[in-house]
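Enquirer: Handing you this structure, nothing more for now.
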Amino acid sequence: PPGASGEVGFRIKVRDYPIAKLSDKNFILKVDGQIESPTVPSSVAADRTIGIASHEVKVGGQINVDARGFFRDASAGILNKGPWPLQAGKATNFTIHWVLANYGTDVENVQVKAFLGGNDRFTGIAKSTAGSAPTYTEATQEVVWNVGNVIAGKGILGSPAEAIFQIEATPSSSDLGRFMGLIQETSLKAIDEFTDLELSDKDLPINTSLPDDPTAANQGIVTQ
């Protein structure tokens with residue numbers, strides 16, 4: 001009736017979209033709606049009334065961080081020293097890798113951080129392929145990597161943005177018979193340049209089980 005209103009709900013399944021080249025970014029979903037009525041005002045010569053509407057939604061990006069730990073890490077050009085398996089009271093070096101994969105949008109103000117374990121220390125050896133090298137705040141035992149900007153497709157197409165830093169772990173007697181913690185949870189924050197939204201990601205803590213090091217996996221239980 002005149003003056004009445006109504007609504008129709010609907011769902012649309014979005015197609016998967018490949019990222020095959022660097023220009024595959026800043027995706028937009030578009031939907032057009034049209035409604036028709038056979039009744040028209042008496043002063044209108046048309047045989048029906050038509051209403052049309054369009055709507056666009058920007059697809060937000062996604063950036064992931066992968067935290068990996070190594071004892072033997074020749075490809076990084078960093079020599080890790082110390083007993084292996086670990087021995088209580090003796091220091092052993094490890095390298096931590098933070099590897100980024102960025103998808104459908106350019107991102108800015110990317111920052112990655114994690115706290116070291118209680119008996120771990122930053123050796124000062126650090127490098128990265130993007131932004132500045134990781135830095136360490138001794139008072140809080142926090143390592144921070146200020147990455148800056150990362151383009152869409154980085155780490156999906158071609159090499160990723162990556163940071164590497166070395167730590168020294170000295171197990172205590174309380175670590176005997178178990179894997180020792182190296183870094184706590186890794187967290188990432190960034191700003192999506194396309195949608196202006198904040199993006200975030202996390203990865204699990206790393207201990208001396210070192211699942212990413214095929215030469216040392218599950219050998220890191222602390223011994224006397």
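The values are calculated or read from the model by the stated rules, or taken from the named source; none is laboratory data. Worth saying up front: this structure is predicted, and the values here are computed from it rather than measured. Every residue, glycine among them, receives a Cβ derived from its backbone with ideal geometry; neighbour counts consider all protein chains shown. Heavy atoms of the whole protein, side chains included, go into the accessibility calculation; ligands, DNA and RNA do not. Shrake-Rupley method; radii C 1.70, N 1.55, O 1.52, S 1.80 Å.
Enquirer: Ignoring ligands, DNA and RNA, please state the percent of accessible area on the chain from carbon and sulfur, probe 1.4 Å.
Expert: 52 percent
Enquirer: Right, here's the next one. Would you mind calculating the gained length between SER5 and THR135 on full extension (0.36 nm times residue separation, minus the Cα-Cα distance), in nm to one decimal?
Expert: Full extension of this stretch gives 40.8 nm more.
Enquirer: Something else about it: Along each principal axis of its Cα atoms, how long is the stretch 112-212 end to end? Whole angstroms, biggest number first, please.
Expert: Principal-axis extents of the Cα atoms in the stretch 112-212, largest first: 51, 26, 25 Å.
Enquirer: Can you list the chymotrypsin sites (Phe, Trp or Tyr not before Pro) in the stretch 1-97 that are in a DSSP coil and have 13 or fewer other beta carbons within 10 angstrom?
Expert: Of the chymotrypsin sites (Phe, Trp or Tyr not before Pro), the ones in loops of the stretch 1-97 whose Cβ has at most 13 other Cβ atoms within 10 Å are PHE10.
Enquirer: Could you tell me which of LEU100, GLY148, GLY131 has its Cα farthest along the dipole of the stretch 96-178 towards the positive end, charges placed at Cβ (Lys, Arg +1; Asp, Glu -1), taken about the Cα centre?
Expert: Value computed over the given set: LEU100.
Enquirer: Take the eigenvalues of the Cα gyration tensor for the stretch 46-110, scale each by 5, and report the square roots as semi-axes in whole Å, largest first.
Expert: 57, 11, 8
Enquirer: Treating only the Cβ atoms of Lys and Arg (+1) and Asp and Glu (-1) as charged, compute the dipole magnitude of the stretch 89-224 about its Cα centre; round to the nearest 20 debye.
Expert: For this selection, approximately 500 debye.
Enquirer: Say R0 is 35 Å: what FRET efficiency, to the nearest 0.05, do SER173 and GLN111 get from their beta-carbon distance?
Expert: That gives a FRET efficiency of 0.45.
Enquirer: A further question on this structure: For the chain, which longest stretch is free of loop sites, where a loop site is one of the trypsin sites (Lys or Arg not before Pro) that DSSP puts outside H, G, I, E and B and that has at most 16 other Cβ atoms within 10 Å?
Expert: 91-177
Enquirer: For the pair VAL44/GLU142, report the inter-label distance in nm, with labels modelled 7 Å from Cα in the Cβ direction.
Expert: Taking the simple label geometry, VAL44 and GLU142 are separated by 6.1 nm.
Enquirer: Could you let me know the centre-to-centre spacing of the stretch 191-224 and the stretch 43-66, using Cα atoms, in angstrom?
Expert: Their Cα centres are 41 Å away from one another.
Enquirer: Same structure again: Among all stretches of the chain without exposed GluC sites (Glu not before Pro) (DSSP loop, at most 15 other Cβ atoms within 10 Å), which one is longest?
Expert: Counting at most 15 other Cβ atoms within 10 Å as exposed, the longest clean stretch of the chain is 8-137.
Enquirer: May I ask you to rank PHE165, PHE122 by accessible area, largest first, using a 1.4 Å probe over the protein chains only?
Expert: PHE122, PHE165
Enquirer: Continuing with this model, one more query. From the list (i) 55, 17, 15; (ii) 30, 19, 17; (iii) 33, 22, 15, can you say which value of semi-axes √(5λ) of the Cα gyration tensor in Å was derived from the structure given?
Expert: Structure-derived value, by its label: (i).
Enquirer: Just to be sure I understand the curve: with the Debye formula and one point per C-alpha of the stretch 130-175, what is log10 I(q)/I(0) at q = 0.15, 0.19, 0.28, 0.30 Å⁻¹?
Expert: Values returned for q = 0.15, 0.19, 0.28, 0.30 Å⁻¹ are -0.57, -0.75, -1.07, -1.13.
Enquirer: Along each of its three principal axes, how wide is the spread of alpha-carbon positions in the stretch 60-162, in whole angstrom units, largest first?
Expert: 48, 30, 19
Enquirer: With all distinct Cα pairs included, what does the Kirkwood hydrodynamic radius of the stretch 166-223 come out to in Å, to one decimal, could you say?
Expert: 13.7 Å
Enquirer: Also, quick follow-up: Given R₀ = 25 Å, what would the calculated FRET efficiency be for ARG121 paired with GLU198, taking r from the Cβ atoms and rounding to 0.05?
Expert: The value I calculate is 0.20.
Enquirer: Under a Cβ-Cβ cut-off of 14 Å, what is the net charge of the residues other than ASN207 that fall near it, where Lys and Arg count +1 and Asp and Glu count -1?
Expert: Net charge in that neighbourhood comes out at -4.
Enquirer: Expressed as a rounded percentage, what relative contact order does the chain have, with Cα pairs under 8 Å and six or more residues apart?
Expert: After rounding, I find 24 percent.
Enquirer: Beyond 30 Å between alpha-carbons counts as too far, so tell me which of LYS58/LYS189; LYS90/LYS189; LYS30/LYS113; LYS127/LYS154 fall in that bin.
Expert: Over 30 Å apart, Cα to Cα: LYS90/LYS189; LYS30/LYS113.
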